[in-house]
Structures are given as C-alpha cells and as structure tokens.
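**Q** Starting off with a structure, shown below.
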C-alpha cells in the first residue's frame, strides 16, 4: 500500500507555469533501536518501500526547470531523506494535518488565480492505500503518525476537482497506491480531470522494478503526454495489477474487463493473499464461482479479436486457454464448508450511541466489519486526539464531540467483537482458513502472471486500435 501526493502545474504549449506539490511515503515503520520488531530497527527502518519511485521521479524532474516543486514526504528515514535532498529540498513531514492544510492552500491558490485558466495541475499520490469503504467516494491512504491520526480520506480532493473545473484548470490525479483504481471516481462529471491508477479498485500495487509505477515514472522525462506514459508503463510492467486511466477508451476497456478478468490474476504466495481474499469474498457474499462469468468474459474478448490483427487474435486465443486451465484449478479447490453459515458474517448490527444533549445516534456495522476491525488501535488514537483537543483553548466543540461519540462507538464495537469471537471462535481465523484453501492451487502465481502478461498485450493493442481521438482530454493535453 502506498502514497505520495504530487501536484504538478505543468507547462502546456510553452507558456504556463508548472506547479508541483508532492506528498507521500506514509505508513512506514518508524525507527526505534529499542524495538523488538526488526522492521523498526536500523538499518531496516532507514528507508521506505517508496524509495524506488522517489528516486525515479526525482530523476525525471531534477533537470526540468518548468516545475515549481513543493513536497511533503514521511520523515524519519535517513536513506529516504538523502533521496529527497536533490529534487525535493524543502520537504516537510507528510502527516494528515499537513495534507489537509496543503489541499486547502491549493484550493485557495486556484480561487486567487495563482493557479489559473489554461494551466495544468497534477496531483500525484503514492502511499499505502486501503479498499474503498461504503462512505467514501475514493479511498483512504496512509500518512505518517501525528496525534495518533495516520490515515486520510482522498475525498478531500473533491474540492480541488470542483474549483479547477470552475477555473478551467486542467487537473491530473495520479494515484499509485494500492487499490488506487477507486480514485477513478474523481473523473465522474469532470471532463477537465485525468486520473491514472497503478492498480484496480480491489488490487494491490507493486513498488519495485516489476510494477507499473516504476515504468510509468521512467517515461515522465521524455516529453510524452500522460496518456503515452501510461500506455508505455502499463505495457512494460510484469506484475498482475491492471492499471487504469480515465480517458474514454480506458474507461470503456476497464468497465468491460476488470471485474470479469481480475479473479484469474489472483494467486496465493508469501507476498500475496489476493486469491484467498477473492475466495473469501465469493463465500461470504454468497456469490457464484469466477467461472460463472466465463461466457461474458469470452464474449468481450471476442469483440476485441474482431478489430485486432492475427498476432493479437492468437494472443486472445491463448489467453482464453490459460483462463480455462486456471479456472479448472480454482473449481477444484473452491468449496463451501457446510458447517459454516457465512450468511452470519453479513449480518448487520445496529449500534446506538448517545451524543450531546442526550440525542441518540444509530450506526450500522456488519459482523464482518466488527470482527475484522481493530477497535483497540482506533480507541487509542481517539483518546490521544481527545486529550489534545481538550487542552486546546481554541478547540472546536463540534469536533471534540464527534471524537467522543466515535470513542463510545468503538468501545461498543470492541465489546461486540469479544462476544462474537467467544461464540464463534472460527471467525478469528477466517483469513487463515481461506489461505489454506488457496494454497492448494499448484503454480498459481505463474499461471496468474501468464494471464496478466497476455492481458497487458491485448489491452495495449485494443486501446490503440479503438482509440477515440479527443484532443481536449487532459490526459492528452498534459505533457512533461
């Protein structure tokens, strides 16, 4: 999971000033020599998993004089600080408070015409990310810890989307975090926005030389459009993620293929639990097997084949064969344990909390959300925030009351979780249960990688062949 938040004002047609705000690399282990956890001990804690991308982006920007750069990366990692010392000299710590303040300043700059019509603004995000929740448009990403608050909702960028549209500023949001496909939602009713995601909405993203992010960033110094850099980076990546772009062409392909093909790019290994999580979703949500959608998937692939040359038609045929073979493996291990009633996992609980002035506030949580939550961690964070707010002479009473209500809520969630696990102990080992099933697939990683390799070739061919020319699309207007 990941995050930087880079905001570029890019030079277009040689006239506009380029502004670049960078935020990211949150959620990494802090250094503590006394810790028993090796991840918190030097030299392991001296760097972050985002260093490859920081270095690559720095190489792409350091000789570009058309950018005004401001950055906010997670601090406390000596090797990472060395990387930041060239291109990102004035870096400040990336925490939730700084992120919110920076977004506020960006909005003000657009309104004050410091960022004005005809200019381009790129927001680039690369940190640990989370799955979408029911109450978010996009998703949460990790920041460095400050006052116990170490996540932030990217929905804060909605205001940036709004004001840039009104000001006729071209906006690009580049989200390289895990589950970054959820940020494609920012394109909705926003023709001035280009969104690029390193992975689908239910996929993790790699931060190494195999992943999309490295190859995409490597293209940003070549004068290409964001769309060209996206296509080049996507075709060079060798992982199983399915990067996304918000052009009309990209949205059409993603809507047609992602959820149909994604189950066949999942696998179980030391570094990935995507297959067990997929099986878990099928069981708990009482959905049918991935193979149920084969006919629909193959119908889409046949449509691609009709406008492709012989080489790609051959690749589509091979892809179908590999999907059939992998699906046979999945069917052999896909099972529902008759002793387990998974419908209970979706059961909703209403939690009534008393707020100020004795008003009652109702919250609804599924048993799954309760069991998989970490109420102790959230409660500790809230207690710290409440203590700081109570010591603040300028405290906003509404905010303080909200925190107290949340603390009551998670206290009840904690009690409910303890009761549920005492009555149904197997719920504490759900992930292990599905991991044991998924691990029975032989050579699953290799099969998923072969399917993903073919998917990338076919995606690239179909995208280019069916390309709808819209010269006003910001993904084609914004150049590095």
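Read-outs throughout are calculated quantities, based only on the coordinates presented, and are distinct from any laboratory measurement. Keep in mind the model is a prediction, meaning the values are calculated, not measured. Every residue, glycine as well, gets a Cβ built from its backbone with ideal geometry; the counts of neighbours run over all protein chains shown.
**Q** Which value in nm describes the separation of the simple spin-label points at residue 383 and residue 398, placed 7 Å from the Cα toward the beta carbon?
**A** If labels sit at residue 383 and residue 398, their model points lie 2.9 nm apart.
**Q** Please report, for the Cα atoms of the stretch 342-431, the Rg to one decimal and the Dmax as a whole number; what are they, in angstrom?
**A** Cα only, the stretch 342-431: 15.2, 50 Å (Rg, Dmax).
**Q** At R0 = 35 Å, how high is the FRET efficiency between residue 440 and residue 317 if r is their beta carbon distance? Nearest 0.05 is fine.
**A** According to the calculation, E is roughly 0.80.
**Q** Can you tell me the length gained on complete extension of the stretch residue 168 to residue 116, counting 0.36 nm per residue apart and subtracting the Cα distance?
**A** 18.0 nm
**Q** What are the semi-axes of the equivalent ellipsoid of the stretch 71-158, taken as the square roots of 5 times the eigenvalues of the Cα gyration tensor, listed largest first and rounded to whole Å?
**A** 22, 21, 12
**Q** Still on this structure, I have one more. Which distance in nm do the two modelled labels at residue 329 and residue 431 give, with both placed 7 Å along the Cα-to-Cβ direction?
**A** Taking the two extended label points, one gets 2.3 nm.
**Q** Add -39500 (n - 2.57) for each DSSP H run of 4 or more in the chain, then divide by its residues: what number comes out at 222 nm, to the nearest 500 deg cm²/dmol?
**A** -14000 deg cm²/dmol
**Q** If I take R0 = 51 Å and measure r between the Cβ atoms of residue 310 and residue 188 in this structure, what FRET efficiency does the formula 1/(1 + (r/R0)^6) give, to the nearest 0.05?
**A** 0.85
**Q** Can you give me the Cα centroid spacing of the stretch 427-468 and the stretch 54-129 in angstrom?
**A** 33
**Q** Now, a different point. Could you check what % of the DSSP bridge pairs in the stretch 2-246 are antiparallel, to the nearest 5?
**A** 40
**Q** Whole percent per 5 Å bin, from 0 to the bin with the longest distance: what is P(r) over all C-alpha pairs of the stretch 2-246?
**A** In whole percents, the pair-distance histogram is 1, 7, 15, 19, 21, 18, 11, 5, 2, 1, 0.
**Q** To the nearest µm²/s, what D does Stokes-Einstein give for the chain at 37 °C and 0.692 mPa s, using the Kirkwood radius over alpha carbon pairs as Rh?
**A** My calculation gives 137 µm²/s for D.
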